[in-house]
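Peer 1: First, the structure itself, so that you have it in front of you.
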Amino acid sequence: MAGDLTPRGGHATRTAAATAVNPGATGHATAWSVASGPRGRAASSNEWRKRLEIAFFVAPALLLFALFVVVPVVQAARYSVFKWNGLGPLDDFVGLQNYTNALADTIFQRAITNNLTIAALSIAIQLPIGLLIALLLNRKFRGQTAMRVIVFVPYVLAEVVAGVVWKLMLQPEGAVNAFLETIGLGAFTQLWVGDSGVALWTVMAVLTWKYVGLAIVLLLAGLQGVPEDLHEAAQIDGASWWQAQRKITIPLLGPTIRTWMFLSMIGSLQLFDMVWILTKGGPDNATVTMATYLIKQGTERSQYGYSSAVAIILFVISFVLATLFQTFVLNRDAGEDKTAKRRKKVAR
Amino acid sequence: MTSVVNQPTRRSSPARSGAGRRRAVSPWVYVASVVVAVGTLAPVVYAVLSGFRSNGQIGANPVALPNPWVFDNYVSVIMSSSFWQYALNSVIIAAVTTALVVVAGVMAAYPLARYRFKGRQALFNVFVMGLLFPLTVAIIPLFLMVRDLNLTNTYWGVALPQAAFALPMTIVILRPFLMALPNELEEASMLDGASRIGFFWRILVPLSGPGMVTTGVLAFVASWNGYLLPLLFINDPALKTLPLGVADFSTEHSANTAGVLAFTSLAVIPALVFFLTMQKRIVSGLQGAVKG
């Protein structure tokens, strides 16, 4: 993605020739190679024209992006150092007080802990399940295509819609408890979202149901890139199916797994919809996340300065974790052709 | 499912059975598939079936089949004007968002992919940075801004921020796509006297159709499922979107389990139909996004 993939050597002369042959094209064709130096008035008006075109094409996106992404993010940083209820002038400067207050708030500390727990557990729970199902679906069997669609259904449903159904099923008198009674596991019935000791685990379970499909779909895509002859070689050497998976397939999935982990981690830190629907952060703040805390402080109590500070902390945590992940995990993939390496190893 | 037997098993021809994946599939694969499918679909099936029951039936036994089948819940949702209003609002907002994202996205991706100019990479990085800013971080200032622009309780108030936050991913997907189109096309159209703008409209836009559909589908799904923006920016019942409508309906009618499940099931249908028709696009879009 980075860098310029399109070689342009020799274009200058060719397009110049084109201009000579076809006067109608004057002013357009040569602009491809403007970098090669001034060429009189035609070239400079050409340069201007090119700039205008670039501006024309980029303007709508840039405007939309600046107005609704960049400005609000900058504003959040600005609000975060004021005490402000959203009305009247922004004049009660409090420095970093909102930040220190937030970090000292036990509920917000709980929110950070919850987010980090959810991020870690998402990976720890979904990766083995996802891998197992992906390996299963990667074999040829009847109904394989249907299964690929089915496992992805929860991911496509809106979190709110899925959350509402789950909430009803998890009621004390709801389907989950009734089902447990029916199959003789009545001892396991719970106040799934009403018990502060259980609620976070319930949220985790629902999130797993909702998001494991994404892991499966991405891993299946990664499996497409695992060359089949490796399996043949392994089999000729007498490896079992599981040995082949463990020694060849799973290691080759490394890049896909790491990319998915990254997505899962960032998503976990921003978790809002599902928690808001299932528990609103309760009971007793057991499932509070940074995002639900932020929204509550902002909208229900109109503490815009304070909740902006929370937003910035949320951003900083995401940014730091993303950067650490980039540096120490994702960069392992750069510049090294794992497939080729692994091939050699197997060939030996 | 018995055709499995026809395939050569590994034991019968160990050396020539071909790649591992083409071996006979053990019945466990099917058992596991059924378990996975049931676990995945159970909540959806439960919601749809329970919509056909009365609250009395659900109260008596939450996990039985409808007996007798009750159609009142679905009928009353279908007859209610608010359900259709929510659906229409969702369609309009998602369509506006998608149109904005695709048009602005492909326009921006064009010079970023095919013009050489100073600061090109920097400009691209500006958009990539957007991937790091979650909506939640910007939501409070956005809330105040939309209020000050008098866009609260309008389609634009939701669609514009949604489009803006969908842009980075769109550009990240579209740029390599446009870069991959062969240079010969460009040269040929130049020889035929087309301007770069002409080239953009007549050749590039039609050719980048698949890329635009993929990004469009992703933006549409994200908008359709969006909750946070409508939650904060819309309080006029006439403008609620489906997710907002489902959430509000479920709190307002919390005692009416069957009614809520019928309402929710019907709200799921458009998303499921859309997904089933577009699933290849959605999946390839996600995979493309990950491969970058």
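Peer 1: Residue A:74 passes all but one of (1) under 20 Å from residue B:162 (Cβ atoms); (2) surrounded by 15 or more Cβ atoms within 10 Å (Cβ to Cβ); which number fails?
Peer 2: The number of the failed condition is (2).
Peer 1: Another question about this same structure. For segment B:217-245, give me each residue that is without any contact (Cβ under 8 Å) to a residue 40 or more places away in the chain and either among the aromatic types (Phe, Trp, Tyr) or touching a Ser or Thr at 6+ places or on another chain (Cβ under 6 Å) (or both).
Peer 2: B:227
Peer 1: Hey, among the residues in segment A:78-101 that are under 15 Å from residue A:298 (Cα atoms) and among the aliphatic types (A, V, I, L, M), which one's nearest to the chain's Cα centre (by Cα)?
Peer 2: Going through the qualifying residues, I end up with A:81.
Here is a yes/no grid of residues against (1) under 19 Å from residue A:201 (Cα atoms); (2) polar (S, T, N, Q); (3) modelled with pLDDT of 95 or more:
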site: A:82; (1), (2), (3): no, no, no
site: A:89; (1), (2), (3): no, no, no
site: A:94; (1), (2), (3): no, no, no
site: A:97; (1), (2), (3): no, yes, no
site: A:113; (1), (2), (3): yes, yes, yes
site: A:120; (1), (2), (3): yes, no, yes
site: A:145; (1), (2), (3): no, yes, no
site: A:153; (1), (2), (3): no, no, no
site: A:157; (1), (2), (3): no, no, no
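Peer 1: Restricting attention to segment B:121-137, does a residue exist that is surrounded by 23 or more Cβ atoms within 10 Å (Cβ to Cβ), at the interface with chain A (Cβ under 7 Å from one of its Cβ atoms) and not β-branched (Val, Ile, Thr)? Talk me through it step by step, then tell me what you get.
Peer 2: Going residue by residue through segment B:121-137, those that are surrounded by 23 or more Cβ atoms within 10 Å (Cβ to Cβ) are B:127, B:136-137.
From what is left, the residues that are at the interface with chain A (Cβ under 7 Å from one of its Cβ atoms) are B:127, B:136-137.
Restricting the remaining residues to those that are not β-branched (Val, Ile, Thr) gives B:127.
Yes.
Peer 1: While we're on this one: Return the residues of segment B:225-244 that are surrounded by fewer than 24 Cβ atoms within 10 Å (Cβ to Cβ) and under 10 Å from the mean Cα position of the chain (by Cα); say none if nothing qualifies.
Peer 2: B:225
Peer 1: Further, regarding this structure: Pairs needed: first member in segment B:180-209, more than 19 Å from residue A:52 (Cβ to Cβ); second member anywhere, at pLDDT below 80; C-beta distance under 6 Å; at least 6 residues apart or different chains.
Peer 2: Hits for this filter: B:191/A:18; B:193/A:22; B:193/A:24; B:193/A:25.
Peer 1: Let me ask another. For segment A:310-333, give me the residue count where each residue is under 24 Å from residue A:90 (Cα atoms) and more than 10 Å from chain B (Cβ to nearest Cβ).
Peer 2: Of segment A:310-333, the ones under 24 Å from residue A:90 (Cα atoms) are A:310-316.
Checking the rest, the ones that are also more than 10 Å from chain B (Cβ to nearest Cβ) come to none.
Residues in segment A:310-333 being under 24 Å from residue A:90 (Cα atoms) and more than 10 Å from chain B (Cβ to nearest Cβ): 0 in total.
Peer 1: So which of A:308, A:302, A:318 ends up being of a type in the set (S, T, N, Q) and either modelled with pLDDT of 95 or more or surrounded by fewer than 19 Cβ atoms within 10 Å (Cβ to Cβ) (or both)? Step through it out loud before you land on a result.
Peer 2: Numbers: A:308 fails: either modelled with pLDDT of 95 or more or surrounded by fewer than 19 Cβ atoms within 10 Å (Cβ to Cβ) (or both); A:318 fails: either modelled with pLDDT of 95 or more or surrounded by fewer than 19 Cβ atoms within 10 Å (Cβ to Cβ) (or both).
The unique qualifying residue is A:302.
Peer 1: Are there any helices (runs of 4 or more DSSP H) wholly within segment A:175-278 with 3 or more residues that are farther than 30 Å from residue A:327 by Cα and over 17 Å from the mean Cα position of the chain (by Cα), and if so which? Show your work before the answer.
Peer 2: Working: elements: A:175-182, A:199-224, A:228-236, A:241-244, A:254-269, A:273-278.
Of the helices (runs of 4 or more DSSP H) lying wholly inside segment A:175-278, those with at least 3 residues that are farther than 30 Å from residue A:327 by Cα and over 17 Å from the mean Cα position of the chain (by Cα) span A:175-182, A:199-224, A:228-236, A:241-244, A:273-278.
Peer 1: How many residues does segment A:122-143 contain that are assigned to a helix (DSSP H, G or I) and modelled with pLDDT under 90? Don't jump to the end; show me each part of the working.
Peer 2: Residues of segment A:122-143 that are assigned to a helix (DSSP H, G or I), as a first pass: A:122-137.
So of that shortlist, the ones also modelled with pLDDT under 90 come out as A:135-137.
The qualifying residues number 3.
Peer 1: Let me ask another. Only one residue in A:124, A:120, A:104 is more than 20 Å from the chain's Cα centre (by Cα) and surrounded by fewer than 18 Cβ atoms within 10 Å (Cβ to Cβ). Which one? Talk me through it step by step, then tell me what you get.
Peer 2: Numbers: A:124 fails: more than 20 Å from the chain's Cα centre (by Cα); A:120 fails: more than 20 Å from the chain's Cα centre (by Cα).
Just a single option satisfies the conditions, and that option is A:104.
Peer 1: Of all residues in segment B:27-49 being buried (at least 16 other Cβ atoms within 10 Å of the Cβ) and of a type in the set (Val, Ile, Thr), which is nearest to residue A:147 (Cα to Cα)?
Peer 2: B:36
Peer 1: Out of B:69, B:84, report the one residue that is away from chain A (no Cβ under 13 Å), closer than 20 Å to residue B:225 by Cα, out of contact with any Leu (no Cβ under 8 Å at 6 or more places or on another chain) and at pLDDT 90 or above.
Peer 2: Just a single option satisfies the conditions, and that option is B:84.
Peer 1: Sticking with this one: When segment B:187-205 is examined, which residues are found to be more than 21 Å from residue B:173 (Cβ to Cβ) and away from chain A (no Cβ under 11 Å)?
Peer 2: Hit for segment B:187-205 is B:202, nothing else.
The values are calculated or read from the model by the stated rules, or taken from the named source; none is laboratory data. Owing to the predicted nature of the structure, the values given are computational and were not obtained by experimental measurement. Cβ coordinates were reconstructed from backbone atoms using ideal geometry, including for glycine residues, and neighbour counts include every protein chain displayed.
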